[in-house]
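Contents: one structure, followed by commentary.
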Amino acid sequence: MMLGIVVGLAVAVAVAVFVTRAPLPFVNKVVRSGDRIVEPRSAAEAPDPNRPASARQRAPAESASPTAARAPSDAAVPPPSAPAAGAVPADRSSAAAPAGSAPADGAEPPAERTLYVLQAGAFRLADDADSMKAKLALIGLEARVQPAEVNGQRVFRVRIGPYVQLDDLNRARARLEENGIESSVVRQR
């Protein structure tokens, strides 16, 4: 009787050690370096994630031409005329309010906020997209399913976000990678 208990405990310990040492089936074993997104210094320097890879060679030539095209129009703007000698200057307080509310002729409009979303998948069936959305909800990320038309076929995109701060985007992307879910960064304007 005691021999049966000892053999049973030995088998149980062996099975427990085997199970705890076995690799987990759903863990991504590939460690990718350089996946962190670095915030660009300005909106003009931000790379376009939707641009094809072959467009990278043409990018310097394309970016130089709009700058050259804008330069003559900036030079053609006449300077503001000086007030007439007999003109009475207006109150400083009344002149400051309209000048502050309207942008100057040469001033550029304020930079648009760039929003980023994470796309966790694109599925042909709505049920597959809903199951991915549920899986994301279980790990604490709120996702939306967006129907779209791609190459004449209907797909259902599962997207998380939008994110304004790249730190938040990186945290969400790291959480997806920890759970074995591949994602793509999509920039929105």
Residues in the stretch 102-139 that are in a loop (DSSP other than H, G, I, E, B) and modelled with pLDDT of 90 or more total 3
Taking first residues from the stretch 135-164 that are without any contact (Cβ under 8 Å) to a residue 24 or more places away in the chain and among the basic types (Lys, Arg) and second residues anywhere that are part of a strand (DSSP E or B) and surrounded by 11 or more Cβ atoms within 10 Å (Cβ to Cβ), the pairs with Cβ under 6 Å that are 6 or more apart or on different chains are ARG144/ARG159
Those residues of the stretch 128-149 which are more than 18 Å from ARG173 (Cα to Cα) and loosely packed, with under 10 Cβ neighbours inside 10 Å amount to GLU149
When every residue in the stretch 157-175 that is crowded, with 19+ Cβ neighbours inside 10 Å and within 20 Å of ALA129 (Cα to Cα) is compared, the one modelled with the lowest pLDDT is GLY161
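The values are calculated or read from the model by the stated rules, or taken from the named source; none is laboratory data. Bear in mind that the values here come from a model prediction, so they are computed numbers and not experimental data. Here Cβ is always computed from backbone atoms with ideal geometry, including for glycine, and neighbour counts include all displayed protein chains.
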